[in-house]
Amino acid sequence: MNPYLDEDLVALGDQARRFAADRLAPGFQDRDRTRILDRSLMKEMGAMGFIAPELPEQFGGLGMATLAAGVIHEEIARADLSMSYVNLLASLNGQILSQHGKPEIVTPWLTRLMAGEALFAIALTEPRGGSDAANLRLRIERDGDDYIVNGEKTSISAADQADAAVVFGRTGTVESGAHGVTALLIPLELPGVTRSRFDCHGQRAIGRGSLFFENVRVPGSHRLGDENKGFVQVMQGFDFSRALIGLQVLAVARAALDETWQYVAQRQAFGKTLSAFQGVSHPLADLDTQVEAARLLCLQALWLKDKGLPHSAEAAMCKWWAPKLAYDVIHQCLLMHGHGGYDRGAMEQRLRDVLGFQIGDGTAQIMKTIIARARAGRSAVPA
């Protein structure tokens, strides 16, 4: 019995697992090769209520706990990590839009988002750096009732496939740091927006790339939060996404472990199954233990959020530990499969897919700084 999941959440997870196994798992390697995210599958996920179920009912959501989003998210990721990006981006951007946007502007977008009819990017990282997230150069300048946007965002997930983006830019001086940043909802079909796509190591169906803004005119009604306070207000939502990322990568690790346990229990060497050798079974048992512990930490972070309790440190723990652990688990599982694991296939794709999470959405060093500040106090751990 899991202390964080009641019977309804367990049943929801079972439903999501059946859908993911039937509809997503069979094509996840094909989507990696073609680098195309299947929009029809997105709509199926939306019809099932699997996209951002935690959004408020006033915006057309189901008003469920964030734990519900978590159990769905991990089951989608177990089948196809790139498709689970639909859930991750919808939950992160949906929270930002619903909390900080004007209802008449964001409600139509949220409706499309939850129906699987729209894909959002979040545009924060710039070419000069990602970890120093408040040190932005993209300019957002007032022009009457509108804003004019100029600059570049890079390493953006779904950059060439997204329909709209939450874009952070500088409205104040460079010296103002985080207190001079404003966030806008920008439809990406606006004049002046161009895009590129990178040839990434993993997560190839969702993809990453750059967004270029050249004199892009955005209505002032599309601002999210207060002017010059977008970073401080909107970035609070990243605690939620960090816990989701933990569940996302751990689900992939769990799939690799389950397959590897089955493999070593059947594979014969020297007259025994591989699992009979402690050099095989003990490393897997060790990693299995850590995956279970890390998953509980991620669920705890979401449980704390649902209770309205502080969870920044726990979310940061999820973000630095789970991606590293998932990579180590899948690496070991690949080695256990020998030459078969080294071939192009499910195991090597999983290894490529989880690696990027040690870079994006906050490095381990940044996450550990967040934890240290929560424990020792911000003044004791200066920037």
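Brief remarks on what is shown
- Listed residue pairs exceeding 27 Å between alpha carbons, taken from Lys43/Lys102; Lys229/Lys324; Lys43/Lys229: Lys229/Lys324; Lys43/Lys229
- For the stretch 184-265, the gyration tensor built on C-alpha atoms gives an oblate shape. Its axis ratio a/c (a ≥ b ≥ c) is at least 1.5, and a/b is not larger than b/c.
- Taking Ala158, Ala118, Ala269 as the candidate residues, the one with maximal mean-square fluctuation in a Gaussian network model of the chain, Cα springs under 10 Å, is Ala269.
- Computed on the chain, with alpha-carbon pairs under 8 angstrom and 6+ residues apart, the relative contact order is 16 percent.
- Note: relative contact order over the stretch 1-75, using C-alpha pairs below 8 Å and six or more positions apart, is 35 percent.
- Answer label for Kirkwood radius over Cα pairs in Å (calculated), chosen among (1) 22.8; (2) 24.3; (3) 21.4: (3)
- Cα-based helix-to-principal-axis angle, 238-266 vs the chain, degrees rounded to 10: 20
- Pair Asp226, Ile105: separation of 7 Å Cα→Cβ label points (nm): 1.7
- The residues Ser281, Ser176, Ser241, Ser40, when put in order of fewest to most other Cβ atoms within 10 Å, stand as Ser40, Ser176, Ser281, Ser241.
- Choice from Ile156, Ile105, Ile330 showing the highest fluctuation, given a GNM over the chain with Cα pairs closer than 10 Å: Ile105
- Rounded tilt (10° steps) of 81-100 against the dominant C-alpha axis of the chain: 30
- With K and R counted +1 and D and E -1, the other residues having a Cβ less than 15 Å from that of Ala322 yield a net charge of 0.
- In plain terms, the residue of Val218, Val381, Val354 with the fewest other Cβ atoms within 10 Å comes first and the most crowded comes last, giving Val381, Val218, Val354.
- Order of Glu189, Glu152, Glu141 - criterion: other Cβ atoms within 10 Å of each residue's Cβ, fewest first: Glu189, Glu141, Glu152
- Mean sequence separation of contacting Cα pairs (under 8 Å, at least six apart), scaled by the length of the stretch 1-151, corresponds to a relative contact order of 23 percent.
- Charge-dipole axis of the chain as Lys and Arg at +1 and Asp and Glu at -1 on Cβ define it, positive-most pick from Leu88, Met235, Gly151: Gly151
- All other residues whose Cβ lies under 10 angstrom from that of Ala159 are scored, Lys and Arg at +1 and Asp and Glu at -1, for a net of +3.
- The chain: calculated mean residue ellipticity at 222 nm from DSSP helix runs of at least 4, using -39500 (n - 2.57): -16000 deg cm²/dmol
- For the chain, built as a Gaussian network whose Cα springs stay under 10 Å, the top-fluctuating residue of Arg31, Arg78, Arg128: Arg128
- Gyration tensor verdict on the stretch 121-228 (Cα atoms; rounded if a/c is under 1.5, prolate if a/b is larger than b/c, oblate otherwise): oblate
- Between 0 and 90 degrees, the angle of helix 278-306 with respect to the longest Cα principal axis of the chain falls at about 30 degrees.
All of the numbers you see were taken from the coordinates with simple rules; none came from a lab. Keep in mind that this is a model prediction, so the values were computed, not measured. Cβ coordinates were reconstructed from backbone atoms using ideal geometry, including for glycine residues, and neighbour counts include every protein chain displayed.
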